[in-house]
Amino acid sequence: MKVVAFNGSPRVNGNTAQGLKIVLAELSKEGIETEIIQLGGRKVFGCLACGKCRETKDNRCARKDDEMNSFIQKMEEADGIIIGSPTYFSNVSTEVKALIDRCGYVAKSNGGSFLKGKVGASVVAARRAGSTFTYSAINFFFGIAEMIICSSNYWNLTLSRDPGDVQNDAEGIQTFQTLGNNMAKLLKQVR
């Protein structure tokens, strides 16, 4: 089994990345292969609503001027998907929004089969507020894709601003560890 995690923050080692690593460490302890993909700060564009993916039916976006198709392929190949995002003005980063929109459109245009039944989890970092909207945006994507949404003992978020602040958020760390354990258990049940 494999879980792919997307760091939607442009900070490669920021709180979102550190939160993802906490979750992935728990999955690794359970023998699940993990991979983290740096999405934030990468060249990705929004959906053009061209509808070509409905015509080609090849599980790919017709747009070829960025790396999105490689990210879609990673999601297609994974058993579990984690999307991590910082909270930017009460929502996901622009890179995460592009991933959600384009992967979602491609999946729906191709019958949704390559995401259906996979396990999805969100990881959110916020300085103070707005994080529940970010959490919801990611989980709305998982829900419409007919994925199984994994939860924790609290919303999957940390209150942290400066890189490394997540390490001072004991409740956030515990939430992410529980999320990793729950995701491992769920993956073993559905796969």
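Taken together, the values in this text are just the output of simple stated rules run on the coordinates, not laboratory data. The structure displayed is predicted, hence computed values, not measured ones. Neighbour counts are summed over all protein chains in view; Cβ atoms, including those assigned to glycine, are modelled from backbone coordinates with ideal geometry.
Summed over qualifying helices (DSSP H, 4 residues or more, each -39500 (n - 2.57)) and divided by its residue number, the chain shows a 222 nm mean residue ellipticity of -13500 deg cm²/dmol. In loop segments of the range 116-153 as defined by DSSP, the trypsin sites (Lys or Arg not before Pro) with at most 11 further C-beta atoms inside 10 Å of their C-beta are ARG128. Principal axis extents of the C-alpha atoms in the range 130-191 (largest first, rounded to whole Å): 36, 24, 17.
Working note: Karplus 6.51/-1.76/1.60 with θ = phi - 60° gives the range 68-78 the couplings 4, 4, 5, 6, 4, 5, 4, 5, 4, 7, 7 Hz, where Gly and Pro are set to x.
Under a 5 Å amide H cut-off, with hydrogens placed 1.01 Å from N, SER160 pairs with ALA126, ARG127 among residues at least 5 apart or on other chains.
Show me the ranking of peptides 81-93, 32-44 by mean Cβ neighbours inside 10 Å, starting with the highest.
Answer by packing, highest mean first, reads 81-93, 32-44.
Put simply, the amide H of ILE82, placed in the peptide plane, has neighbours under 5 Å in VAL4, ALA5, PHE6, ALA121, leaving out anything fewer than 5 places away on its chain. Annotation for the range 125-163 versus the range 47-124: alpha-carbon center distance of 17 Å. Under 14 Å from a label point set 7 Å out along the Cα-to-Cβ vector of GLU77, the amide N atoms of the range 1-35 belong to 1-5, 33-35. Taking amide H as placed 1.01 Å from N in the peptide plane, the amide H of TYR88 sits under 5 Å from that of SER93, each at least 5 places away or on another chain.
Across the range 176-184, computed HN-Hα scalar couplings (Karplus, 6.51 cos²θ - 1.76 cosθ + 1.60, θ = phi - 60°) run 5, 5, 5, 4, x, 5, 5, 5, 4 Hz from first to last residue, x flagging Gly and Pro.
Computing Rg and the Kirkwood Rh from the Cα coordinates of the range 49-101 gives a ratio, Rg/Rh, of 1.01.
Can you flag which of LYS74/LYS108; LYS64/LYS118; LYS116/LYS185; LYS2/LYS185 are past 20 Å Cα-Cα?
Details: LYS74/LYS108 17 Å; LYS64/LYS118 26 Å; LYS116/LYS185 18 Å; LYS2/LYS185 13 Å.
Listed pairs above 20 Å: LYS64/LYS118.
Compactness check for the chain: Cα Rg over 2.2 N^0.38 Å is 0.96. Computed from phi, the 3J(HN,Hα) profile of the range 12-23 under the Karplus parametrisation 6.51, -1.76, 1.60 (θ = phi - 60°) reads 4, 10, x, 5, 5, 4, 5, x, 4, 5, 5, 5 Hz, with x in place of Gly and Pro.
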